[in-house]
Every structure is written in structure tokens, then in C-alpha cells.
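The values are calculated or read from the model by the stated rules, or taken from the named source; none is laboratory data. Because the structure is a prediction, the values reported are computed rather than measured. Note: ideal-geometry Cβ built from the backbone for every residue, glycine included; neighbour counts use all protein chains shown.
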Amino acid sequence: MFDLARIVESGLVAQIDFHRSLGSTNDRAIELGARDEADLPLLVLTERQMAGRGRGSNRWLTEEGALTFSLVLEAPVDRLPTSKWPHVALASGVAIADALAGTVPRAALQLKWPNDVYLNERKTAGILSESVPGWRDRLVVGIGINVNNRMRDSTQTGLRGIATSLIDHDGIARDLTTVLLDVLDELDRRWKELLECGFGMGAVAYRERCLLTGKSITVKQGDGDSIVGLCRGIDDDGRLVIRTPDVEKSLISGTVIDWEK
Ligand code: BTN
């Protein structure tokens, strides 16, 4: 299913850890990334992920034909201090949307803050960026993209009508290696940009694809409280700007649980 030689030849990763089937590529990336001898960027790739993890306590359930992988990346703390880690997932979202736009040119590829990629208003990709206590200068970025797996007919509770895939969109089965390389190429570009220049250009690109700007949204915060207001997009630091009748706030974290459709 994957052309590993082509991935090696691309030079976009230094090491590949490939599996026909795996629990979670992020778990495996955390295991391998803990070893000093790991060559970075390290790609963990599987044809079938059996126990994918999503943000918080969510699971990431996919059938065969989905693209699921994780990268262990070198993140020098002088260029990417911990306060800037939220930018990694945001910039990754931009990279994925830009890459997918090349293969579904007439579709709306948008970003739902902080890091979900939407295709014509339905979720098609998710990102789970993780740091590991005790690690220095390394991060894991896990990515799941619904490519050739049909979500439209999914029997998984809660997914039908909310999630979509590229094949649901236009009926075309894509070469997964090509999609992976397109995404890795954009990630490489955004990652270098982030380390060298900060999130400024990423923020501009994010705003162009922001699904929520100008819409009434509800954001659930870590303390359980919800805020309802008008989304004003993201600021230069990647925070979500929301205007309530009383005040304008910039949120560093939270989950957008509802928005104007
Ligand atoms: C989310 O939308 O909540 C994030 C989903 C991230 C899923 C990907 S699939 C590859 C990698 N391995 C995992 O266990 N999770 C991420």
C-alpha cells in the first residue's frame, strides 16, 4: 500500500518505522523518540491503526484506507520554547490543508481552531501534537487524514454526517504515498518557517482558512465553563479571539463545541 522506497528517496524523513498494523502511531513515536539514537525526523507509519488517540480523551477511529502517521521532530528549545508549542499544531493544520488543496482543488479546505481540518464543513483530518515529560528538543506530531476510507457509510457512533474523507467528496481513490509525501513536503516547509521566523506567516495562512471567523461560536474551556460570542479569528500568537457582548477575549486553549453553520 505504501511505497517506502519513494518516501526514503524524498529525503523528507531520516528514518521510517513502518507497520502493517499498530495500536497508535503516537504511542510508538513516543517510544522511539525516547531513544537518543533516533534519526530525526522520524516517521512512524501504519497501514491500519487500531487504537488511535485524539485530543483529550477522544479516540481516533478509522478504517483501512485512512492515512495515519506520526513524526518525531527536532524542536530546539531556543527556537521553539514551550510557550510556542501550540503553534506546532496550528502550523501543521495549515500544512495539511494546503497539501490537500492540491488534490481536491475545488473544495473548501478550512481549519477549525485549534487544529482540525475541514473539507466542505466536515472534519477530514485531525492532529495530535504531544510533548513528553523529560524530553528536550523533541516533539511528536500525529496526523490522521481520511483519504480512501468512507466516512459517509461509517457505522461508528457519532461520525456519520460530521466527518468526511477525500473519497466521500469525489469518489476518487488516491495513492496514499502521494498524499503522504504532499503532506510531508508542506509540513517540512511550515516547520522550517516556524523555527526560523516564528508563527507570523503561519498565522496569516491560518486566517485565510479559518472556518470560524465571523461566526457565532461556543467554546468550552478547561474549567468546564462555556463562552458564547462572535469569532474574530486568531491573533498573531494563535489564540482564538472571541467577542462577547461584554468583552473581547483571546483564548489559548479550549474546544469549540458549536458554531453557526
Ligand atoms: C483529534 O482530532 O482529536 C486528533 C486526532 C489525531 C489522530 C492521529 S492518527 C495518527 C496519530 N496517532 C494517534 O494515536 N493519533 C494521531
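Worth a mention:
- Entirely in region 162-231, the helices (runs of 4 or more DSSP H) that have 1 or more residues that are under 15 Å from the mean Cα position of the chain (by Cα) and crowded, with 18+ Cβ neighbours inside 10 Å: 176-197, 200-209
Each row is one residue, and each column tells you yes or no for (1) within 16 Å of the ligand (Cβ to nearest atom); (2) more than 21 Å from F18 (Cβ to Cβ); (3) assigned to a strand (DSSP E or B); (4) in contact with a Ser or Thr (Cβ under 9 Å, 6 or more places away or on another chain).
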| residue | (1), (2), (3), (4) |
| --- | --- |
| E63 | yes, no, no, yes |
| S83 | no, yes, no, no |
| Y118 | yes, yes, yes, yes |
| I143 | yes, no, yes, yes |
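- Residue in region 88-110 that is within 10 Å of the ligand (Cβ to nearest atom), at pLDDT below 95 and crowded, with 18+ Cβ neighbours inside 10 Å present: no
- Near pairs, Cβ below 7 angstrom, 6+ apart or cross-chain, from region 116-128 (touching a residue at least 60 places away in the same chain (Cβ under 8 Å) and of a type in the set (G, A, S)) to any residue that is outside any strand (DSSP E or B) and within 13 Å of the ligand (Cβ to nearest atom): G126/G54
- The set of residues from region 51-66 being surrounded by 12 or more Cβ atoms within 10 Å (Cβ to Cβ) and under 16 Å from the mean Cα position of the chain (by Cα) comprises G52, R53, G54, R55, N58, W60, L61, T62, A66.
- Picking from residues in region 123-138 that are in contact with a helix residue (DSSP H, G or I) (Cβ under 8 Å, 6 or more places away or on another chain) and not hydroxyl-bearing (S, T, Y), the one that is surrounded by the most Cβ atoms within 10 Å (Cβ to Cβ) is A125.
- Among the residues making up region 25-44, those that are hydrophobic (A, V, I, L, M, F, W, C), within 18 Å of V8 (Cβ to Cβ) and more than 11 Å from the ligand (Cβ to nearest atom) are L32, A38, L40, L42, L43.
- One residue alone among L100, L111 is among the hydrophobic types (A, V, I, L, M, F, W, C) and either within 10 Å of the chain's Cα centre (by Cα) or more than 24 Å from I172 (Cβ to Cβ) (or both), and that residue is L111.
- Condition check for A107: touching a residue at least 40 places away in the same chain (Cβ under 8 Å), in a loop (DSSP other than H, G, I, E, B), among the hydrophobic types (A, V, I, L, M, F, W, C) and closer than 25 Å to R232 by Cα: yes
- The residues in region 67-81 that are part of a loop (DSSP other than H, G, I, E, B) and crowded, with 19+ Cβ neighbours inside 10 Å can be counted, and the count is 2.
- Scanning region 125-148 for residues that are modelled with pLDDT of 95 or more and farther than 22 Å from A91 by Cα gives a single hit, N148.
- Yes/no for R48 being exposed (fewer than 15 other Cβ atoms within 10 Å of the Cβ), in contact (Cβ under 8 Å) with a residue 12 or more places away in the chain and of a type in the set (K, R): no
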